[in-house]
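Let me begin by presenting the structure, written as structure tokens, before commenting on it.
The values are calculated or read from the model by the stated rules, or taken from the named source; none is laboratory data. In this text, all values refer to a predicted model and were calculated from it rather than measured experimentally. Cβ sites come from the backbone with ideal geometry, for glycine too, and all protein chains shown count toward neighbours. Please note that ligands, DNA and RNA were not included when accessible areas were found on the heavy atoms of the full protein model with its side chains. Shrake-Rupley method; radii C 1.70, N 1.55, O 1.52, S 1.80 Å.
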Amino acid sequence: MQAIAYASDKCIDSQLLVSNLIALFEQRRLNLNRLLSGTGIFTQDLNEQHKISPIQLSKLIDNAQKIWQGGDLAFLLGQHWLPNQSGLMTNGLLCSRDLAQLQAHWLKHHWLSQPWLQGWRWQTESKQHLLLALDIGAHKQDRFFLELTLSSLVSTYKRLRHESWQGEFSLPYPEPKNIEQYHKYLGFQLTFKQPLCVISYELAMTKKNFDMANPHGYKLASRQALRGLMAAEYKVGLPGAIRSHLIRHDSQQLSLPDISERLGISSATLKRRLKEYHTSFQQLQDEAKLHRALYMLAINGESNLAVAQQLKFADSNNFRRSFKRWTGQLPSQFRDWLSQVHS
Amino acid sequence: MKRSLAAKILLASILVCTALISLCLLQAQTKTLADIDWLDISTEGALLLLGISWLTLVIQARPGGRVTQVLLIGLLGYCLGCYMDLLDEFFINTSLPLWFNLLEKIPTPIGLITLTYGLCLWREEQVTINQQLRTREQFYRQHKLVDQVTQIYTASAMRHQLALSIKQVNCLALVMIDLDNFTEVNRRYGFIQGDQILTNVAQLIATQLRSQDLVCRYAGDRFIVMMPMCSANLATTIAAELKSKIASLGYHASSAYLYWERPNDSDADSLIAEINQQMENVKQTRHWPKAV
């Protein structure tokens, strides 16, 4: 587990979000000083290979949300994501053959473009699903980052395919106040209070060709992106790294001391580092277990007992109780979760 | 209000106050510290401060014009009266000159009467403004629900008005207008231009409606119009009219409409959900131009 970004490591390219945010605020004639106060970001620094830390990003978004009125900040940023980003990642997106390739490209190289989230791909009989969880994005700003990424996805699709997005979104929070923005930018197939954030679409949709498909360009961009990734100082955030590791080794019952040993730091330090990200080991552990449980239930159709055994619960009752605590519902209700998200 | 006028008022007030206090110091005797009634001073002082704060608020918020002038004269008179009352507390009563005693009681009642007259004028003004804003407000003013870009209300206000209308009328229609490919406009010409276009479209829609209708900005480039006591036919006609007027501005729009009648038991939220769904359907079936 190398190249992990802690909350104060400067791992985020300013060109990604900071410049766009500042440009947007300038155009709307909003107070830039208030936007940047307390973030340690200065407009004159933004021209070079400038990077900021997750803590700085969190403060910036916090300020932005306080100043911006209208509840559509993340959506506007997402709408103008593709054209505003030049660079390794987006060239690949623009040249993708179809949604399947675009998604694969994004998942592989998302750290270069949207490091606040991490993603997984699941597949059911007739649908593809993209799951998203926060990596270095602050937990208290989860809605912002999800809104940003989801609207960037929808607008990228619209741009490449010249037709409306037809997927479904499951969101891990209750219906928000700015629901009309969701209707406008993400469409109407939304379900809230879901255990994980999932983007679901028909398999047929993934094979529809994009208008600007360019296989040669894609190969080139892919290679460039890979090189960029290898050259990057950091490749994943601490929450993302731990969550992935826990998910991969779900049957091993890894504890905080185990992980801190792998990272080469003390348990106390790890606790502190996680706190800087406003999360805790317990929370990441629960999230990883939930992730695995949902996979086994919804994708593999396994029984509660099998899940309980795999995740090292004392018995299936224990598992059921924990599951209810995490999601407010029983595991049996999720067996058809992804094939029936929208009834 | 114009800064120069505010500055003039400030200067004049300072001159008058200084003149009064100097004349009193010259012609009358000040009380000894023991005789000064501090309770009286604090109450009179508080009244004066309040009067000054009202004056400041009116100067800052009101546009120039006759109504504002009358209101200001009234408030100035009141403040002058308070000031003289306050001054009174510092001097021995019997030593005050005759003109002071005569003058003291005049400003406050005159000021308050003028203020009352000003408020009557303000009432007339407000009724006119309410009429001007009808299709943008429908007599419900919640300035926190105003959209900063287009200056019309947001979806929350529409939800409120819709819920109200469902109780009051027997039938209504909802029309939703969504500008096509507006992201391209924002991308090509920038947000400032995009915002201006949205504002223009908002104004256009507002002027095309009947006085009992209401237009709000739903989200982004999507607008929602509520038309109480309106038949389904009229709704489709108006929707088509709006689309063609917007087209004459140079922007293509999609529209969806919904008709509701009394025995139908829906609430505001479900009606809004339904029209959004309709809009979705319209958008899905629309063919986009390939060349951008």
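Filter segment B:179-200 down to the residues that are of a type outside the set (Ser, Thr, Tyr) and within 27 Å of the chain's Cα centre (by Cα) and list them by number. Scanning segment B:179-200 gives B:Phe191, B:Ile192, B:Gln193, B:Gly194, B:Asp195, B:Gln196, B:Ile197, B:Leu198, B:Asn200. When A:Ser151, A:Ser155 are screened for being under 18 Å from the mean Cα position of the chain (by Cα) and facing chain B (nearest Cβ under 8 Å), only A:Ser155 passes.
The residues of segment A:142-175 that are part of a loop (DSSP other than H, G, I, E, B), touching a Phe, Trp or Tyr at 6+ places or on another chain (Cβ under 7 Å) and at pLDDT 90 or above, listed by number, are A:Leu171, A:Tyr173, A:Pro174, A:Glu175. Scanning segment A:55-63 for residues that are outside any helix (DSSP H, G or I) and assigned by TED's automatic domain parsing to the domain that holds A:His109 turns up nothing. Filtered by the rule that a residue be open to solvent by 30 Å² or more (accessible area, probe 1.4 Å) and assigned to a helix (DSSP H, G or I), segment A:265-279 gives A:Ser267, A:Ala268, A:Lys271, A:Arg272, A:Arg273, A:Lys275, A:Glu276. Within segment A:122-141, is there a residue that is in a helix (DSSP H, G or I), at pLDDT 90 or above and within 14 Å of chain B (Cβ to nearest Cβ)? No.
Filtering B:Phe100, B:Phe139 for residues that are outside any helix (DSSP H, G or I) and at pLDDT below 90 leaves a single hit, B:Phe139.
Mind checking whether some residue in segment B:57-67 is in contact (Cβ under 8 Å) with a residue 12 or more places away in the chain and in contact with a Gly (Cβ under 8 Å, 6 or more places away or on another chain)? Yes, segment B:57-67 has at least one match.
So, of the residues in segment A:234-258 that are of a type in the set (D, E, K, R) and touching a residue at least 12 places away in the same chain (Cβ under 8 Å), which turns out to be surrounded by the most Cβ atoms within 10 Å (Cβ to Cβ)?
Filtering segment A:234-258 down to residues of a type in the set (D, E, K, R) leaves A:235, A:243, A:248, A:250, A:258.
In the following step, the residues that additionally are touching a residue at least 12 places away in the same chain (Cβ under 8 Å) were identified as A:235, A:243, A:250.
Details: A:Lys235: 18, A:Arg243: 23, A:Asp250: 20.
The qualifying residue surrounded by the most Cβ atoms within 10 Å (Cβ to Cβ) is A:Arg243.
Within the option set A:Trp111, A:Trp106, A:Trp68, being within 14 Å of chain B (Cβ to nearest Cβ), open to solvent by 10 Å² or more (accessible area, probe 1.4 Å) and aromatic (Phe, Trp, Tyr) holds for one residue only, A:Trp68. Of the residues screened, B:Ser255 is one that is touching a helix residue (DSSP H, G or I) at 6+ places or on another chain (Cβ under 9 Å) and surrounded by 13 or more Cβ atoms within 10 Å (Cβ to Cβ). Can you tell me which of (1) assigned to a helix (DSSP H, G or I); (2) open to solvent by 80 Å² or more (accessible area, probe 1.4 Å); (3) of a type outside the set (Lys, Arg); (4) touching a Ser or Thr at 6+ places or on another chain (Cβ under 8 Å) is the one B:Leu198 doesn't meet? Against the list (1) assigned to a helix (DSSP H, G or I); (2) open to solvent by 80 Å² or more (accessible area, probe 1.4 Å); (3) of a type outside the set (Lys, Arg); (4) touching a Ser or Thr at 6+ places or on another chain (Cβ under 8 Å), B:Leu198 comes up short only on (2). When we screen A:Ala225, A:Ala213, A:Ala231, A:Ala221 for residues that are small (Gly, Ala, Ser), free of Cβ contacts under 8 Å to residues at least 60 places away in the same chain and either surrounded by 14 or more Cβ atoms within 10 Å (Cβ to Cβ) or within 15 Å of A:Leu112 (Cβ to Cβ) (or both), the only hit is A:Ala231. Each residue in segment A:3-31 was checked for being without any contact (Cβ under 8 Å) to a residue 60 or more places away in the chain and exposed (fewer than 14 other Cβ atoms within 10 Å of the Cβ), and 2 pass. Of all residues in segment A:125-136, those satisfying the criterion of being surrounded by 16 or more Cβ atoms within 10 Å (Cβ to Cβ) and either under 20 Å from A:Phe334 (Cα atoms) or free of Cβ contacts under 8 Å to residues at least 60 places away in the same chain (or both) are A:Lys127, A:Gln128, A:His129, A:Leu130, A:Leu131, A:Leu132, A:Ala133.
Being closer than 24 Å to B:Gln151 by Cβ, touching a Lys or Arg at 6+ places or on another chain (Cβ under 6 Å) and away from every other protein chain (no Cβ under 14 Å) is the requirement here; does B:Ala206 meet it? Lay out the reasoning, then the answer.
Details: closer than 24 Å to B:Gln151 by Cβ: yes; touching a Lys or Arg at 6+ places or on another chain (Cβ under 6 Å): yes; away from every other protein chain (no Cβ under 14 Å): yes.
So B:Ala206 fits the description; yes.
For segment A:175-210, enumerate the residues that are of a type in the set (Lys, Arg), surrounded by fewer than 19 Cβ atoms within 10 Å (Cβ to Cβ), farther than 30 Å from A:Ala288 by Cα and within 14 Å of chain B (Cβ to nearest Cβ). First the steps, then the outcome.
To start, the set of residues in segment A:175-210 that are of a type in the set (Lys, Arg) comprises A:177, A:184, A:193, A:207-208.
Filter once more, so that each one left must be surrounded by fewer than 19 Cβ atoms within 10 Å (Cβ to Cβ): A:177, A:193, A:207-208.
Okay, now just the ones that are also farther than 30 Å from A:Ala288 by Cα, so A:207-208.
A:Lys208 - this is the single residue of segment A:175-210 that is of a type in the set (Lys, Arg), surrounded by fewer than 19 Cβ atoms within 10 Å (Cβ to Cβ), farther than 30 Å from A:Ala288 by Cα and within 14 Å of chain B (Cβ to nearest Cβ).
With segment A:280-343 as the region, which helices (runs of 4 or more DSSP H) entirely inside it contain at least 2 residues that are crowded, with 17+ Cβ neighbours inside 10 Å and touching a residue at least 40 places away in the same chain (Cβ under 8 Å)? Reasoning before the result, please.
Numbers: elements: A:281-294, A:304-310, A:316-327.
Per the criteria, A:281-294.
Of all the criteria given as (1) more than 19 Å from B:Leu15 (Cα to Cα); (2) modelled with pLDDT under 90, the one not satisfied by B:Ile113 is (2). Of all residues in segment B:139-192, exactly one satisfies the criterion of being more than 10 Å from chain A (Cβ to nearest Cβ), within 30 Å of A:Leu82 (Cα to Cα) and either without any contact (Cβ under 8 Å) to a residue 12 or more places away in the chain or loosely packed, with under 13 Cβ neighbours inside 10 Å (or both), namely B:Tyr189.
Can you tell which of B:Gly64, B:Gly111, B:Gly118 is under 26 Å from B:Ala6 (Cβ atoms), loosely packed, with under 12 Cβ neighbours inside 10 Å, of a type in the set (Gly, Ala, Ser) and assigned by TED's automatic domain parsing to the domain that holds B:Gln29? So that I can check it myself, show each step before the final result.
Working: B:Gly111 fails: loosely packed, with under 12 Cβ neighbours inside 10 Å; B:Gly118 fails: loosely packed, with under 12 Cβ neighbours inside 10 Å.
It is B:Gly64.
Residues in segment A:155-174 that are under 22 Å from A:Asn214 (Cβ atoms) and either charged (D, E, K, R) or not assigned by TED's automatic domain parsing to the domain that holds A:Leu102 (or both) were compared, and the one that is surrounded by the fewest Cβ atoms within 10 Å (Cβ to Cβ) is A:Glu163.
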